[in-house]
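These notes are about the structure you will find just below.
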Amino acid sequence: MNFTRADEQDAAPGLRTAVRIFSERTERTLARIAELEAELADLRITAARYASTRDQLSEALSECFAGRSAPPKDAQSHNEKADAEKKSGDASCDEGAGSSKPPEGTRAGQGGPSRSPFGQLMQAVEQILVGAGRPMKVRDITEALGRPTKGEEGRGPIETTRATCKRLVRNGRAVEHPIGTFSARRFTGPRRGGV
């Protein structure tokens, strides 16, 4: 098909209109993508705050039931549902930066069948302190847990870790010196097993 100069001139206004229409659509689509990315970032921050609050409440609940065999069934099943929802949400997240689950070696089920899901964070923090063999700052402990430590998204996890470390100090399982730096308590008494 051969176009003449007249055909090209007749087609030019229509093509210009099409280019303008698709340019506008592209701009609107890119603006909408930016809005959705901003909303997603806000939702990640909110989710990190909720997870932090949940962890703090779980730790408080575990302290309430420290002398008993297990927390009420309602609390256990609710926490299991929350963990299942979190895992399914983590699978869809590309970046994984908002993930607040501890490293695999510190997760529930690693220590035996009697372990409560409420003590996971405290045990994970204690394992990190023992494994480090040196005093650690709260930010470093939070990072070792695989939780965010930067910006708004990092505030909640850092405060949760700080509260957990303070709880370990109150329970006699860690030492805080200097302020904001924690280490595992070293026992100098006889070892278990009579050695």
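The values are calculated or read from the model by the stated rules, or taken from the named source; none is laboratory data. Values in this document were obtained by computation on a predicted structure and should not be read as measured data. Here Cβ is always computed from backbone atoms with ideal geometry, including for glycine, and neighbour counts include all displayed protein chains.
Mind listing whichever residues of segment 17-49 are farther than 19 Å from Ala124 by Cβ and either modelled with pLDDT under 90 or touching a helix residue (DSSP H, G or I) at 6+ places or on another chain (Cβ under 6 Å) (or both)?
Within segment 17-49, Glu37, Ala38, Glu39, Leu40, Ala41, Asp42, Leu43, Arg44, Ile45, Thr46, Ala47, Arg49 qualify.
Go through segment 147-157 and report how many residues are surrounded by 17 or more Cβ atoms within 10 Å (Cβ to Cβ) and either small (Gly, Ala, Ser) or modelled with pLDDT of 90 or more (or both).
2
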